[in-house]
Amino acid sequence: MSQFKLRGRVAARLGDNIDTDLIYPGRFLNITDREKTAEHLFELAYPELRARIRPGDFLVAGKNFGCGSSREQATAAVKYAGVGALIAASFARIFFRNSINLGLPVVVSPEAAGALAEGDEVEVDLIGGSVTRLETGEVFRAAPLDPRAAELLAAGGLVPFLKKKYAGRGWGA
Amino acid sequence: MGMTLAEKILARASGREKVAPDEIVVASIDLAMSHENADLVRKSFLEIGAPRVWDPERIVIILDHRVPAESERTAATHKAIREFVHSQGIRHFYDVGRGGICHQVLAENGHVLPGMVVVGTDSHTTTHGAFGAFATGIGATEMAGVWAEGHLWFKVPATLRILVQGEFPPWVSAKDLILHIIGRLGADGADYRAVEFDGPAVRTMTVASRMVLANLSMEMGAKVAFTPVDDTLLEYLEARTGRTIPDSPDFAPDPDAAYERVIEVNVSREVTEPQIACPHSVDNVRPLSEVRGTPVDQAVVGSCTNGRLEDLAIAAEIVRGRRVHPRTRLLVIPASQQILLEAIRLGYVQALIEAGAMINPPGCGPCVGVHQGILAAGEVCISSTNRNFVGRMGSKDSMVYLASPAVVAASAIAGEIAHPEEIVGEEVA
Ligand code: SF4
């Protein structure tokens, strides 16, 4: 399977307007170690959810997921908690960009967000723009990732992407 | 067909004649702002391995979220930022006691000028649309890319134009107007869009009040939000920069620009009383009369939305000669050192302290629930800040109501959500 086709199980379904304070409370913002942020994912609102996420699982949400603050820890916490992809009806713009920049696949699909249930096994095609419920074979349309975002995701995020660029140059270039 | 202001600025910054919504452009960055999360940016920047920041003159770093440091961890963050700033030759660094809230500091020191592309690692960077800049929030890793490269890709946003007609009724402020608009359009009502505010009511507003509109537009998802570049703004900038900034057609949308939608709001008719955003979302807006009488434990005047001199002035006016209600505590956090100093000079601080308010050091204060004025479970707060999400100001079982500084001050005196008129009678401030 290519890196743009992912399979996973829906670990949970969340509602509309899940804000960054719900995803990652402000009080933990002074944690700058990305892996450690996962310990506080959904801490105030859905503390039980963290334990349910198995590596590679998907989360499904309604519209405007990640609205609010620009805090990148919200994206990092989702990623390092082991989430393989986020599927939502829509994302708030900074959260969407943070996800691509940290190498967390994000899928915009109002159809899938409305239909998928907890426990569904799903395949997403990021480039083709589809979400398939494997048990029934139902296919939901998704927004295909634009080439620039795909390039960043393929590199594993913005840091590895730029690292390659600067690696060849040496200091003082 | 002409261009909107967002399109014009992005066209200029990406070296194109013309751009249209949904096109992807790579724009050069005029100003890059970070606060404490500069430490996160620094880490990503060092990982990237670029030898130096692209232009130390275009980077501004301001400590504001946890000032002075409240913990050893924060102290270490502040220290790491200081060392980095020094090693990279970044001159525009506002340390503890030298600045205040990042958005206020950029504004009052004349860092932002019309036509600029400004990015900040803070979602309320939209505030700087009040200065005619294309200003938007980005994440820390993305900022590390900007520090290395000096440019960033943007999708050209479609523009929503909001024309505000009429005159502000007594006790209705910029905060009430924008809360009303957010209530009407919803938390994602301007997602990915540029917003242009204009109309007679906007043109009579002070620069400080225009900043409230641009700041809170973030809470309906806006990418950027502009208020007009006019004499009021140019005079403000002249005072802050010490030079004349000539007006230019580059700072205004073309008369034949294409808008996704034009919305009219008549403030005299539609916003007849103060507006309150009720727990737990900013678009849960009700007129004050519906929540009047709700007892409050804490009242907060401050933040990048409403911690400016005019906000402290109205709060001081309302509490002068009165006492904060015994069951309520009033916290006042001037948005910057400059504002605090002016507020002392003008007697606002004295009036507030005599009424029983606590003045906290300039900075974000309790707004993001990490520093001072944290709420216990079951407590209710009325606040002039900009977010009332679950747990934003402390316990997940606390409640935050967002309102204008006048309503916050009146409620502090009444011990419950109150109309300023109840406190000061018919006199209009
Ligand atoms: S005052 Fe509040 S909203 Fe404004 S920058 Fe500080 S924490 Fe963010």
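Condition check ((1) away from the ligand (no atom under 16 Å from the Cβ); (2) not in a helix (DSSP H, G or I)) across all residues:
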residue	(1), (2)
B:Leu340	no, no
B:Gln350	yes, no
B:Ile353	yes, no
B:Pro361	no, yes
B:Gly373	no, yes
B:Cys381	no, yes
B:Phe389	no, yes
B:Arg392	no, yes
B:Lys396	yes, yes
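So, B:Arg42, is that one away from the ligand (no atom under 16 Å from the Cβ) and modelled with pLDDT of 95 or more or not?
yes
Quick check on my filter: what residues within region B:400-426 are of a type in the set (Ser, Thr, Tyr) and either within 12 Å of B:Gly293 (Cα to Cα) or open to solvent by 10 Å² or more (accessible area, probe 1.4 Å) (or both)?
Correct list: B:Tyr401, B:Ser411.
If we scan region A:98-107, do we find a residue that is of a type in the set (S, T, N, Q), farther than 25 Å from A:Arg50 by Cα and not in a loop (DSSP other than H, G, I, E, B)? Step through it out loud before you land on a result.
The initial filter retains those residues of region A:98-107 that are of a type in the set (S, T, N, Q), namely A:98-99, A:101.
Then keep just the ones that are farther than 25 Å from A:Arg50 by Cα; that gives none.
Among the residues of region A:98-107, not one is of a type in the set (S, T, N, Q), farther than 25 Å from A:Arg50 by Cα and not in a loop (DSSP other than H, G, I, E, B), which makes the answer no.
Tell me which of these B:Leu331 doesn't satisfy, since it passes every other one: (1) away from the ligand (no atom under 16 Å from the Cβ); (2) assigned to a strand (DSSP E or B).
For B:Leu331, the failing item is (1).
Please work out which residue is farthest from B:Val146 (Cα to Cα), limiting yourself to region B:14-30 and to residues that are hydrophobic (A, V, I, L, M, F, W, C) and open to solvent by 10 Å² or more (accessible area, probe 1.4 Å).
Checked region B:14-30; the qualifying residue farthest from B:Val146 (Cα to Cα) is B:Ala20.
If I filter region B:94-133 down to residues being among the acidic types (Asp, Glu) and away from the ligand (no atom under 12 Å from the Cβ), which single residue comes out as nearest to the other protein chains (Cβ to nearest Cβ)?
Top of the filtered list is B:Asp95.
Can you tell me how many residues in region B:151-164 are within 11 Å of chain A (Cβ to nearest Cβ) and outside any loop (DSSP other than H, G, I, E, B)?
Taking region B:151-164 as the starting set, the residues that turn out to be within 11 Å of chain A (Cβ to nearest Cβ) are B:152-155, B:157.
Within this subset, residues satisfying the condition of being outside any loop (DSSP other than H, G, I, E, B) are B:152-155.
Residues flagged as within 11 Å of chain A (Cβ to nearest Cβ) and outside any loop (DSSP other than H, G, I, E, B) within region B:151-164 amount to 4.
Could you list all residues from region B:297-326 that are more than 15 Å from the ligand (Cβ to nearest atom) and among the hydrophobic types (A, V, I, L, M, F, W, C)?
Taking region B:297-326 and keeping what is more than 15 Å from the ligand (Cβ to nearest atom), we get B:297-299, B:309-310, B:313-326.
B:Ala299, B:Leu309, B:Ala313, B:Ile314, B:Ala315, B:Ala316, B:Ile318, B:Val319, B:Val324, listed by residue number.
Only one residue in A:Arg54, A:Arg93, A:Arg133 is open to solvent by 10 Å² or more (accessible area, probe 1.4 Å) and within 30 Å of B:Val41 (Cβ to Cβ). Which one? Give the derivation first.
Values: A:Arg54 fails: within 30 Å of B:Val41 (Cβ to Cβ); A:Arg133 fails: within 30 Å of B:Val41 (Cβ to Cβ).
The match here is A:Arg93.
Of the residues B:Arg323, B:Arg345, B:Arg329, only one is more than 14 Å from every other protein chain (Cβ to nearest Cβ), at pLDDT 95 or above and touching a Gly at 6+ places or on another chain (Cβ under 6 Å); which?
Numbers: B:Arg345 fails: touching a Gly at 6+ places or on another chain (Cβ under 6 Å); B:Arg329 fails: touching a Gly at 6+ places or on another chain (Cβ under 6 Å).
Sole residue among the options that is more than 14 Å from every other protein chain (Cβ to nearest Cβ), at pLDDT 95 or above and touching a Gly at 6+ places or on another chain (Cβ under 6 Å): B:Arg323.
Is it the case, given these coordinates, that A:Leu162 is at the interface with chain B (Cβ under 9 Å from one of its Cβ atoms) and under 14 Å from B:Glu142 (Cβ atoms)?
Judged against the criteria, A:Leu162 is a match.
Pick out the one residue from B:Ala80, B:Ala148 that is within 14 Å of chain A (Cβ to nearest Cβ), open to solvent by 10 Å² or more (accessible area, probe 1.4 Å), away from the ligand (no atom under 16 Å from the Cβ) and touching an Asp or Glu at 6+ places or on another chain (Cβ under 9 Å).
Working: B:Ala148 fails: touching an Asp or Glu at 6+ places or on another chain (Cβ under 9 Å).
That would be B:Ala80, the only listed residue that is within 14 Å of chain A (Cβ to nearest Cβ), open to solvent by 10 Å² or more (accessible area, probe 1.4 Å), away from the ligand (no atom under 16 Å from the Cβ) and touching an Asp or Glu at 6+ places or on another chain (Cβ under 9 Å).
Just to be sure, is A:Ser69 among the polar types (S, T, N, Q), more than 15 Å from the chain's Cα centre (by Cα) and at negative phi?
yes
The values are calculated or read from the model by the stated rules, or taken from the named source; none is laboratory data. Given the structure is predicted, the values throughout are model-derived calculations rather than measurements. With ideal geometry, Cβ positions are generated from the backbone for all residues, glycine too; neighbour counts draw on all protein chains shown. These accessible areas exclude ligands, DNA and RNA; they are computed on the full protein's heavy atoms, side chains included. Shrake-Rupley method; radii C 1.70, N 1.55, O 1.52, S 1.80 Å.
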